[in-house]
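Student: Pasting a structure here, questions to come.
No lab work stands behind these numbers, since they all come straight from the coordinates. Because the structure is a prediction, the values reported are computed rather than measured. Here the Cβ is made from the backbone with ideal geometry for all residues, glycine too, and neighbour counts use every protein chain on show.
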Amino acid sequence: MNRFKTLGDFDFSGKRVLVRADLNVPMQDGAVSDATRIERFAPTAALLASKGARVVVLSHFGRPKGRDESQSLRPLVAALSKAVGRKVAFADDCIGPAARSAVDALKPGDVALLENLRFHKGEEKNEPAFVKALAELGDIYVNDAFSCAHRAHASTEGLAHALPCAAGLLMQAELDALSKALEHPQRPVAAVVGGSKISTKLDLIGNLIQRVDILAIGGGMANTFLHAKGIGVGRSLCEVDMAETARRIMADAESSGRQIVLPVDAVVAGALTDSAGAQTVPIGRVPADKMILDIGPLSVAETLRIFDGARTLVWNGPVGAFEHPPFDKGTTALARGVAERTKAGKLMSVAGGGDTVAALVKAGAVDSFGYVSTAGGAFLEWLEGKELPGVAALSAR
């Protein structure tokens, strides 16, 4: 990863600073129901304001087709003001006279939130005219939205070429953590990959198998690997047509000295709703009329034993149907085991992805991981080894 400028590289006093945030937060009855993204962004806005910047916050919200008041950013003002610790002004457009008036009214230390970027088609199309209209509102551009960095939009990629630019605190923390995890890691490196299908994570597995020393596979995709080894998986989710791909991945891992870890026991039931009928069986003894819905306790213990030899760990995807107790026990136990090793200084752990974060929160382990990314698509594309336009634009300057 090329280096990028940070907030310490600029004098922001009196400057108009365009800050791209990701404030695409859950709403319920017109109010913010989960302010996590706002709270994680707030330190960047607060620091800029404390340095005398005139802070102009940019964000998208939802996927409107043109102007749509039901997807306005106005309801976020109260939550953002609380998180930043100062009153936030609001402009009912992100370009044009309304935006210009709001920015001109700012004094050093003031903060304003502009209306939803996606009310304009030029945002997602990265149209030069829209980039220019945004750039005219600022002197410096700060990108603090890693979760949007996989999109080459006007506010995530275009502005970085139009103005002097830097990474915000959240973007910097994200990139530093990811660099430590896979680009310059302490070895051995382990990875946990869960989820339902190999076909949706082929790029991810293909990249990780070249970078990590240990790859633990769980969730539905583990069933396909077990099937590829000639092990019966009953009525479990299994991509039979991906068996040859799974065999090739295992062969590549073996030839390169990398270890693939698969479950040695499983929690099975007739259906997700059949919690009363759940039972733990050894792999190889899955009843023909049952489905694998979680890894068993022996699998957790064996995986953690193997992880004791690792120094760095990356996690994407639960290893069982964690939304449906009791099939959450494997993911919870594994998460807590990784958290304990992280707190003890034995492991540098990085996790990300929507389901992964939800599973770690449910396990009470999220605060004990080294870094937990709230980015979904961007985190996954980074794990797949793809270039993120928003990051590349920062690095190029």
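Student: Of the DSSP beta bridges with both residues in region 7-172, give the percent that are antiparallel, rounding to the nearest 5.
Tutor: 10 percent
Student: What does the highest-first list of 86-98, 134-146 look like by mean Cβ count within 10 Å?
Tutor: On the way: 86-98: 17.9, 134-146: 24.6.
Sorting 86-98, 134-146 by mean packing, highest first, produces 134-146, 86-98.
Student: Between Ser349, Ser368, Ser179, which gets the highest mean-square fluctuation from a Gaussian network model of the chain, Cα cutoff 10 Å?
Tutor: Answer for the Gaussian network model of the chain: Ser179.
Student: Taking the DSSP beta bridges in the chain as the whole, what percent of them are antiparallel, to the nearest 5? Numbers along the way, then the final one.
Tutor: Working: 10 of 49 bridges.
Counting only bridges with both partners in the chain, antiparallel ones make up about 20 percent.
Student: Same structure again: Quick one: which of 271-279, 354-362, 102-110, 187-195 comes out on top by average Cβ neighbours within 10 Å, and what's the full order, highest first? Intermediate results must be reported in sequence, preceding the final value.
Tutor: Details: 271-279: 11.9, 354-362: 19.6, 102-110: 15.4, 187-195: 22.3.
Listed from highest to lowest mean packing, they are 187-195, 354-362, 102-110, 271-279.
Student: Order these by the 10 Å Cβ neighbour count, fewest first: Asp252, Asp9, Asp294.
Tutor: Result, fewest neighbours first: Asp9, Asp252, Asp294.
Student: On alpha carbon coordinates alone, what is the Rg over Rh value for the chain, Rh being the Kirkwood radius?
Tutor: Ratio value, two decimals: 1.03.
Student: Pick from Ala162, Ala375, Ala177: which residue has the top mean-square fluctuation in a GNM of the chain where Cα pairs under 10 Å get a spring?
Tutor: Most flexible of the set in this elastic network: Ala162.
Student: Report the extension gain between Asp176 and Leu47 in nm, rounded to one decimal, defined as 0.36 nm multiplied by the number of residues separating them, less their alpha carbon distance.
Tutor: Contour length minus Cα-Cα distance gives 44.5 nm.
Student: Using the alpha-carbon atoms, what tilt in degrees (0 to 90, nearest 10) does helix 169-178 show relative to the longest principal axis of the chain?
Tutor: 30 degrees
Student: Now for a separate question. Quick one: net charge of Arg74's neighbours, Cβ under 9 Å, K/R +1, D/E -1?
Tutor: Working: positive: none; negative: Glu69, Asp92, Glu115.
Result for the local shell: -3.
Student: Which Rg and Dmax, in Å, describe the Cα atoms of region 241-289?
Tutor: Calculated on Cα positions, Rg and Dmax stand at 15.0, 43 Å.
Student: Could you estimate the translational diffusion coefficient of region 56-184 from the Stokes-Einstein equation, with Rh from the Kirkwood formula over C-alpha pairs, at 25 °C and 0.890 mPa s, in whole µm²/s?
Tutor: 159 µm²/s
Student: Now, a different point. Over the chain, with a Gaussian network built from C-alpha contacts below 10 Å, which listed residue (Leu383, Leu298, Leu182) shows the highest mean-square fluctuation?
Tutor: Maximum fluctuation in the GNM of the chain, among the listed residues, is at Leu298.
Student: Using modelled amide H (1.01 Å from N, peptide plane; none on Pro or chain starts), what sits under 5 Å from the amide H of Val57, excluding residues fewer than 5 places away?
Tutor: Under 5 Å from the amide H of Val57 lie the amide H atoms of Val19, Ala112, Leu113, Leu114, each far enough along the sequence or on another chain.
Student: Right, next: Give the residues of region 260-300 whose amide nitrogen is closer than 20 Å to a point set 7 Å from the Cα of Arg247 in the direction of its Cβ.
Tutor: Label zone hits: 260-263, 284.
Student: Work out how much length Arg63 to Ser256 would gain on full extension: take 0.36 nm times their residue separation and subtract the Cα-Cα distance, in nm to one decimal.
Tutor: 65.1 nm
Student: Also, I was wondering about something else. For Lys197, which lysines qualify as cross-link partners when the Cα separation must be under 29 Å and same-chain residues fewer than eight apart are set aside?
Tutor: Within the straight-line cut-off, Lys197 pairs with Lys180, Lys229, Lys290, Lys329, Lys362, Lys386.
Student: Right, another one. Work out, step by step, the length gained on full extension between Ala301 and Ala288: first 0.36 nm times the residue separation, then minus their alpha carbon distance; give nm to one decimal.
Tutor: 2.1 nm
Student: Can you give the calculated 222 nm mean residue ellipticity of the chain, where each DSSP H run of n ≥ 4 adds -39,500 (n - 2.57) and the sum is split over every residue, rounded to the nearest 500 deg cm²/dmol?
Tutor: Helix-only estimate at 222 nm: -10500 deg cm²/dmol.
Student: Can you give the direction-averaged projected area of the convex hull of the alpha-carbon atoms in region 62-132, in nm²?
Tutor: 5.2 nm²
Student: Oh, and also: Let me make sure I get this right: for region 185-383, a, b and c are the square roots of the gyration tensor eigenvalues over alpha carbons, sorted descending. Under 1.5 in a/c it's rounded, otherwise prolate if a/b > b/c, else oblate. Which is it?
Tutor: Oblate is the answer for region 185-383, as a/c is 1.5 or above yet b/c matches or exceeds a/b.
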